[in-house]
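As structure tokens, the structure follows; a few thoughts come after it.
The values are calculated or read from the model by the stated rules, or taken from the named source; none is laboratory data. Not measured: the values here are computed from a predicted model. Every residue, glycine among them, receives a Cβ derived from its backbone with ideal geometry; neighbour counts consider all protein chains shown. Accessible surface is based on the protein model in full, side chains and every heavy atom, while ligands, DNA and RNA are left aside. Shrake-Rupley method; radii C 1.70, N 1.55, O 1.52, S 1.80 Å.
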Amino acid sequence: MHYLDEGQGAVVLLLHGNPTWCFYYRHLIEQLKENFRVIAPDFIGCGLSDHPAGVYFRARQRIQHLEEFVAKLEITKFSLVMHDWGGSIGTGFAVEHPERVEKLVYLNTTLTETESLPLLIKTAARPFIGKYLTKYSRRFLKFATSLGVSRKLPAAVRKAYHYPYRTRARRTAIWGFVADIPFDSSHPSYSEMLGLAPKLSRFADTPVQIVWGLKDPCFHRGMLNKIMAHFPHAQVLEIQEASHLVLEDAPTLCGQTIRDFLLGEARATELRRAASPNAFYQTFMQTSRACAESTAVIVPSFFGDSVKYSQIKYADLSLLVGQYQRGLNDLGLARGDKVLMLVSPGIDFLALSYAVMGRGAVPVFLDPGMGRDRLFSCIAALNADAFIGSPRAQVLRLFRSRLFPRLKFNLCATDWYMPGTVTTGFLKKFASKPLPEVSSSGIAVIAYTSGATGVPKGVIFTDDMVRRQLEIFRGVFELKAGKKDLPLLPIFSLYGVALGVCSVFAPLDPARPLSLDPSQILKIINDLSIESSFGSPSLWNKISEYCVRSRAKLPSFEKVYMAGAPVPAGVLERLQQLMDNGHAYTPYGATEALPVTLISATQIKATTSLPARGGEQGTLVGKAVSGVQLRVIKRVTGAISHIATAQACQTREIGEVIVKGGSISSSYFRQPEADALSKIKDGDGVWHRIGDMGYLDEQGNLYFCGRKAHVVEHAGRVYYSVPTERIFNQHPKVARSALVSLHSGSEVAIVIEPHPQFWPENKMERKMFAAELQQLGKSHEITAGITKFFFHESFPVDGRHNAKIFRDQLGHWAESLDGYSKAA
């Protein structure tokens, strides 16, 4: 029996399936060997082990082989990582020695569920055709390396999988495994399978991790559900974009998940913090070396109708980052320092951010559109160690110096001379050679929420969290090196550029994004043949309307992602029609949980939206992305101490949306009260309460029903903002509406923002408009009780997305008016 034996420490046995071999675990071995002794055997007749001619082994014999193997190596305690047939063999061995088993990891496998296997496997198990597919030809082998992955394997990797099975004689075991699947009680191995099931209860207290590729054509979701039923206490990672060879489709995500599980979360976090540089910086530097001559950033500058494009390559950007690092180091920047970043989008925004990260310090990003009072409050609470700001932001420091009581230094992001401060011109005097790497403090960045439904909170992005997010953006969002992206939310350029995607910075004021000129955006897109963009629905509504008016299209676009607020169906449809071969997507998430779900306009159109049990129709936002667990629980006002105390909602029952996963933030910066209200403990991890209401349908699709803070209870009915406003938004005169509570919940009302041409000028017009709205409301059970309407010319909204309505402000405003008889 051939085997690999790498590393030192607690023993982890990696057991392959059919028709693979220990080569399948090559990436995982690299990820585990620093902390474990990793042993990966090839079963007899597989891989580089002996291939005895004409000999077939049953499951019981292979379990005995494993027994002898472990005894020969004098292994007493071990964890098991098992894939495919490795699951049955490994578990068959483990149930006889439960006291020796430390942890169990299952990857797309089966234990006692053979009747659920698809026709392809059942056909391959028939003697004549089965032998042809598995032994006399390489069809089965090729199926595994083509249908078993969601992304095509490189030729060299496919060749390596096939290498041990290059002759008919060496494929005996492939047929032997398939022939040994017990589909009925007459099969010799059926009793082995039957006897296994009751013994699985021996692992009731053994930690179990399940990692499953949901695109597996053989071991489908139904089989995952059965494995989960065997181990109800298991942690489960479902990967939407991975197939049967899950370690090939998502090596980083799988490896980190398994490593963290085997180590235990506390030890895993401790090790990562001690060894790794900032995740953004590390990824950026790797990309800079791989894509040195590729363009990293393009910045358009408009002069009347003409435009000039400035650009920088990855090689030059990394040199600039090196200069800035040395300059910041000279100014006293140290590991763990919190650096407030108020820098305009562009080359310096990225270079300064990556430089701060490279020194192990933490850049802190605030939404300049959150409002002056909120902005001042956040800066005061942060108590930054350093401040880097644009010339415009320096005015804040000059007139509000009390917000910066202990700055090590202040840096102005300009090469021009600025009295009383250091500029980037000073940093550029330093050599560009990178300084030695500094390990991260564990926090990659801190980004504040907009505070649209309360006090803005500083979300801690750990390095592990960022690595998971980068994996999602690379795999799920398909951000590929060499493409061009237009990030209308500038912070997303940190992800894109790190992944090799050229960021094109549009002329956009982050504090007033809706002031952008759509003609300029359209020119940039078409001049540079930009392939993707990420922005708020209000921005894309303005841009797409301009395209329709000017009869222009977006032929180069492949993907547009709209997030930050519910996306109107009309915007989705209009944008989809403007792209020849592209797709519009609506990712759902929050600053603390980015992203949670993803769905395209095409998928929405092809899906029959299902209402909640009470008749409310939420906004379909799709299924959870890879690595994110999603639940809906009963609404609770206060804190929830542990997930065991949270009560799950039924299918299509509206409740609170909670999420868990490596891409989800587990804490806020210096806000323990917010942590207590927003985080739910679950073992070593936490669930995050997004603060949204929604429901799940029978297929696992999530429907968004609005913010929890915007729920109104009145006269025995619970009103949710999205389903309620959806009804009134159908009125042709309504631009948008807002559900509000009046007088501490004693009344419920709707505030209407009419289209400008339909603004009711006098009391009679307002009364008639309100009557039409009330009649519309009466035609739906969920809005029949709403009788009070107000009219407002322009809703107060957040600066970042220009779409999140400040309903609390509207409610206070409406309380001061007399129904529809008065207007803004």
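Values computed for the structure shown
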| item | result |
| --- | --- |
| Residue in the stretch 598-648 that is farthest from residue 697 (Cα to Cα), counting only those that are part of a strand (DSSP E or B) and open to solvent by 40 Å² or more (accessible area, probe 1.4 Å) | 642 |
| Hey, residue 458 in contact (Cβ under 8 Å) with a residue 24 or more places away in the chain, open to solvent by less than 60 Å² (accessible area, probe 1.4 Å) and on the phi > 0 side of the Ramachandran plot or not | no |
| Set 497, 476: member being hydrophobic (A, V, I, L, M, F, W, C) and open to solvent by less than 10 Å² (accessible area, probe 1.4 Å) | 497 |
| Members of the stretch 572-597 found to be under 21 Å from residue 557 (Cα atoms), of a type in the set (A, V, I, L, M, F, W, C) and crowded, with 23+ Cβ neighbours inside 10 Å, listed by number | 572, 575, 584 |
| Output for the stretch 685-703, where each listed residue is aromatic (Phe, Trp, Tyr) and over 9 Å from residue 657 (Cα atoms) | 687, 703 |
| Number of positions in the stretch 728-749 that are open to solvent by 10 Å² or more (accessible area, probe 1.4 Å) and closer than 16 Å to residue 619 by Cα | 3 |
| Count of residues meeting criterion [more than 23 Å from residue 595 (Cβ to Cβ) and basic (Lys, Arg)] in the stretch 653-676 | 1 |
| Lone unmet requirement of (1) open to solvent by less than 40 Å² (accessible area, probe 1.4 Å); (2) in contact with a helix residue (DSSP H, G or I) (Cβ under 9 Å, 6 or more places away or on another chain) for residue 127 | (1) |
| Search result, residues across the stretch 420-440 that are outside any loop (DSSP other than H, G, I, E, B) and free of Cβ contacts under 8 Å to residues at least 12 places away in the same chain | 425 |
| Conditions (1) over 33 Å from the mean Cα position of the chain (by Cα); (2) without any contact (Cβ under 8 Å) to a residue 12 or more places away in the chain: number failed by residue 26 | (1) |
| Within the stretch 441-491, strands (runs of 3 or more DSSP E) holding 2 or more residues that are among the small types (Gly, Ala, Ser) | 443-448 |
| Members of the stretch 161-197 found to be open to solvent by 10 Å² or more (accessible area, probe 1.4 Å), in a helix (DSSP H, G or I), at pLDDT 90 or above and not small (Gly, Ala, Ser), listed by number | 162, 163, 170, 171, 175 |
| Residue satisfying condition, being in contact (Cβ under 8 Å) with a residue 40 or more places away in the chain, under 26 Å from residue 469 (Cα atoms) and more than 23 Å from the chain's Cα centre (by Cα), within set 537, 490, 507, 513 | 513 |
| The stretch 220-261 - residue that is more than 23 Å from the chain's Cα centre (by Cα) and closer than 24 Å to residue 38 by Cβ and, of those, surrounded by the most Cβ atoms within 10 Å (Cβ to Cβ) | 227 |
| Strands (runs of 3 or more DSSP E) fully within the stretch 1-102 counting 2 or more residues that are open to solvent by less than 10 Å² (accessible area, probe 1.4 Å) and out of contact with any Asp or Glu (no Cβ under 7 Å at 6 or more places or on another chain) | 10-15, 36-41, 78-84 |
| Boolean, residue 504 is touching a helix residue (DSSP H, G or I) at 6+ places or on another chain (Cβ under 7 Å), at negative phi and open to solvent by less than 30 Å² (accessible area, probe 1.4 Å) | yes |
